[in-house]
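Everything on this sheet refers to the single structure shown next.
The values are calculated or read from the model by the stated rules, or taken from the named source; none is laboratory data. Nothing here was measured: the structure is a model prediction, and the numbers come from that model. Using ideal geometry, Cβ is built from the backbone for each residue, glycine included, and neighbour counts are taken over all protein chains shown. The accessibility values were calculated without ligands, DNA or RNA, using every heavy atom of the protein model including side chains. Shrake-Rupley method; radii C 1.70, N 1.55, O 1.52, S 1.80 Å.
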Amino acid sequence: MQHYELRAESRAAIIAMLGAAQTGKARPFLVQDETGDTQVDASRIRYPYEEMTEDEEPAPTGFWLCEIWLEEPDAELAAMAL
Amino acid sequence: MSHIQRSPAFPPGGYPSWPLSQPPCWRGFAGAPAPGLPAATAWWRPGDILAFDFANGRYMRDGETASLGAVLSASRTSPATWFTDAGILQPFDANVAAITDRGLYAGGQRVNKCRNFNANPTDLTGVSKAGDAAAMLTVVDDSAELAAAGLDGICTSGMAFKFDNSAGTSTSWLYIAGNSGNTNPHTMSVYMRSTGSARMVLSSSGGTGWMSSASYTRRSATVTPANSSQQIVIEVAAGKVVWFILNQLEEGSFASPPIVTDGGTGTTRLADAVTVPGFAALAASGSLQDGFAGKAILDVTRLTDPASRCIFDLGVATGDRVRLDILTDNRIELAIANGGSGPALQTAALAATGEVEIEWQVKSGASFIRIGGTTAAENSDSFTMPELADAHLGQSRSGASALNGPLGYLSLRRAV
């Protein structure tokens, strides 16, 4: 299984990265939910979440993270990933 | 001389017609065969074009017995676990549907925030103790007890955590690394056995306690974290011992099947995406576009979820589909949308938990829902059926509204 981790300054930025990476692919990374919001493909991608410090009292670092697991390598995600 | 050879197995004059009291089970009708007729080979109802008997591991497509792969496609690029009817926990590889004799578990995405190795531990990574200095925290072989609890399919090494406060004179605490990270409701769970009273809390946010437990039993509690740095704490009274495994801290209102952690910053059990391959062709050949009916048997032991739970979503887009859902107030809803709008039927709230049989018909002018054989909602609204291009089971087409519970049986057929 291929694992990629994305990091960006906001959830929207993570979504934009996934949007760019899915261009031309048979199976998109993003889907529209019933309310019209954009969501990640939850069967392959962990919902974007806030990065926290490793302190005893964790605090947001100001960045967001997202993890993707794919069966096949993805060059676009590899170029974006940490 | 005749060139026509008569089959010796074929009775002269063909099979006899059947009395109404003895419909032919070889055509799918229930009951014993009439005299002279072959035994039943079909377990689905006459007219069904697709049937999933998940609980018994048998499937049908277009009137023929089919393999699982011919009727169902599963995507989930993470492993998963699910229980058998006997409570045995089974592992499932990535992209393998979690199906046991309890049925198909179509689960939503969950993250186990615990940072220890919660199965097959080899050391004390992510766990620590405080309190009475006499308390001992170790990893021990507890194979027999794990097997007795049906956990040996996951806990293959037989190792478990032991927190021994038998020599202590005051309470001791065991901390499992992994913070809540936010203040949304979380559920903590753990398999534990103990010689006396023990308690599991989410730091200062509350939890649950119990007396002795001779065998491994899953304990869980849902609490709202007081802050984002709350973690699982197991409290053991003086003189007592606890053994535990498969601890879990997850955001949500119930304990999902155990997620085996890897010692990292959280282990993700991805959502199941379960679809029917080639559904458009099947729907066309079965004329489902003119209206369809079906039956589902599922376990609704857990009710009043904070989100609706989808049994199926058939259609082509979020605004063009037919969905059957368990709503947050425990009503069953059959919602048809074409171009973003359409009628919806809703039953009264389900009164009882446990296994429920739901039947439905989606047909312009004659739609209904039956619960346990009794009509629970019906209407005569006219509508145009949305295009039936694909079928999602146990979740909506956007991946939301996961059923998070066992679907034992589901079938589809053309409406009459």
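Express in Å², to the nearest 10, the accessible area of B:R414 obtained by rolling a 1.4 Å probe over the protein heavy atoms while all chains stay in place.
120 Å²
If I build a Gaussian network model for chain B, linking alpha-carbon pairs within less than 10 angstrom, which residue out of B:A98, B:A42, B:A296 has the largest mean-square fluctuation?
Of B:A98, B:A42, B:A296, the Gaussian network model singles out B:A42 as fluctuating most.
Within 10 Å of each Cβ in peptide B:272-282, how many partner chain Cβ atoms are there on average? Round it to a whole number, please.
Per-residue shielding by partner chains comes out at 1.
Based on Cβ point charges of +1 for Lys and Arg and -1 for Asp and Glu, what charge dipole magnitude is obtained for chain B about its Cα centre, in debye rounded to the nearest 20?
220 debye
Alpha carbons only, please: Rg and Dmax for the protein assembly as shown, in angstrom.
When restricted to the Cα atoms of the protein assembly as shown, Rg and Dmax are 26.2, 103 Å.
Of B:A74, B:A351, B:A389, which is the most mobile in a GNM of chain B whose springs link Cα atoms less than 10 angstrom apart?
Highest fluctuation among the options: B:A351.
Accessible area per residue of chain B at 1.4 Å probe, in Å²?
Here the residues of chain B average 40 Å² of exposed surface.
With +1 assigned to the C-beta of every Lys and Arg and -1 to the C-beta of every Asp and Glu, and no other charges, what is the dipole magnitude of the stretch B:111-269 about the Cα centre in debye, to the nearest 20?
280 debye
Is there a simple number for the mean count of other chain Cβ atoms within 10 Å of the Cβ of residues in B:398-407, and what is it?
3
Let me check I've understood the local charge: for B:N247, count other residues with C-beta under 12 angstrom from its C-beta, Lys and Arg +1, Asp and Glu -1. What total comes out?
That sum, taken over residues with Cβ under 12 Å, equals +3.
Ballpark to the nearest 100 Å², how much total accessible area do B and A bury together, probe 1.4 Å?
Chain pair B/A: roughly 1700 Å² of buried accessible area.
Average partner chain C-beta neighbours within 10 Å, per residue of B:72-78?
4
Report the one residue of B:T301, B:T125, B:W44 whose Cα lies farthest in the direction of the positive end of the charge dipole of the protein assembly as shown (charges on C-beta: Lys and Arg +1, Asp and Glu -1; origin at the Cα centre).
The residue sitting most towards the positive pole is B:W44.
Run the dipole for chain A about the Cα centre, Lys and Arg Cβ at +1, Asp and Glu Cβ at -1, nothing else charged, and hand back the magnitude in debye, nearest 20.
Rounded to the nearest 20 debye, it is 460 debye.
What ranking, highest mean first, results for peptides A:50-58, B:157-165 when packing means the other Cβ atoms within 10 Å averaged over each residue?
Highest-to-lowest ranking by the protection proxy: B:157-165, A:50-58.
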